[in-house]
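What follows is calculated from the coordinates using simple rules that are stated; it is not laboratory data. Everything quoted here is computed from the prediction, not taken from an experiment. Here Cβ is always computed from backbone atoms with ideal geometry, including for glycine, and neighbour counts include all displayed protein chains.
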Amino acid sequence: MMLRIVKYVVGDILRGRIVFGYAGVLLAASFGLFNFGGDAAKGLVGLLSLVLLVVPLVSLVFSTIHFYNSIEFIELLAAQPLRRSTLLLGQMIGVALALATALIAGIGLPILIYAPTVTGVVLLAVSLVLTLVFTGLAFLAAVLARDKARGVGAALLIWFYFALLHDGVTLYLLFLLEDFPLEGISLGLISLNPVDLARVLVLLQMDVSALMGYTGSMLKNLLGTGTGIAFASAVLMAWIALPVALTVWVFRRKDL
């Protein structure tokens, strides 16, 4: 039954053609960055900046609006002898699959042509992970907020915090705690933001940590090893799993 829900959701989204526009914008921007950046490395840096801003925003807003637009369909299926967890997971997987497909088409093809390297693969991988993370957070916001305006507002606040505000908070806390060992504190603060974690993983693959001074050297020592990469990957997987689990838990107890 979940597979049927996923297929219906993906088909419904494709009929709306918004994801085609999303893929088209990413594709045009990616080709532009690679062609005008001068070389593949500069193109990847520009594409990273684009991905870290656009992917979380689109995933949050699109997923939240989709949930509210599908609420009647969700209520209809919830009245059937169907587990709520199956219903909600089918919705989430369908939305994430549609967005991930658009992302692969939008940045995967330019990366394959201009930067078929480990760094390019890592960039594409973390972009897909961010899509899953923020799709889960969007559904969580939508399930918690019954009103559509509040749900979309909460999604925008989530994006504003993770994309913009968290870095300022991190710098302020590191300034206050400068007398303490900063390695563990920095790693903990970075782990609290999937966007920062994704950025660091890609930048370390580009080997630009030397240009980041002491902070870059410290991050390379923490996350540049096999153990560090495994830790970062586990944290990102937790960022996917925890919002999904919490969303399902809330939805199963929610009065529709």
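Remarks
- Angle between the chain longest axis and helix 182-191 axis [Cα atoms, degrees, rounded to 10]: 30
- Selection of trypsin sites (Lys or Arg not before Pro), the range 63-157, meeting DSSP coil and at most 15 other Cβ within 10 Å: Arg83, Arg146
- Considering only Tyr114, Tyr22, Tyr172, the mean-square fluctuation computed in a Gaussian network model of the chain, springs between alpha carbons under 10 angstrom, is largest for Tyr172.
- For the chain, the longest principal axis of the Cα atoms and the long axis of helix 2-16 meet at an angle of about 80 degrees.
- Over the range 51-189, relative contact order from alpha-carbon pairs under 8 Å, at least 6 apart, %: 38
- Mean separation of Cα pairs under 8 Å and 6 or more residues apart, divided by the residue count, gives the range 1-112 a relative contact order of 55 percent.
- If the Kirkwood radius is taken over C-alpha pairs of the range 75-204, then at 25 °C and 0.890 mPa s the Stokes-Einstein diffusion coefficient equals 142 µm²/s.
- Rounded tilt (10° steps) of 166-176 against the dominant C-alpha axis of the chain: 50
- Cα-Cα separations in the chain greater than 28 Å, expressed as whole percent: 37
- Take every Cα pair under 8 Å whose residues are at least 6 apart in sequence, average their separation, divide by the length of the chain, and the relative contact order is 26 percent.
- Rounded to whole Hz, the Karplus (6.51, -1.76, 1.60) HN-Hα couplings of the range 238-251, x for glycine and proline: 5, 5, 7, 6, 5, x, 5, 4, 5, 4, 4, 4, 5, 5
- Taking the helices alone, the chain has a mean residue ellipticity at 222 nm of -27500 deg cm²/dmol, built from -39,500 (n - 2.57) per DSSP H run of at least 4 residues and averaged over all its residues.
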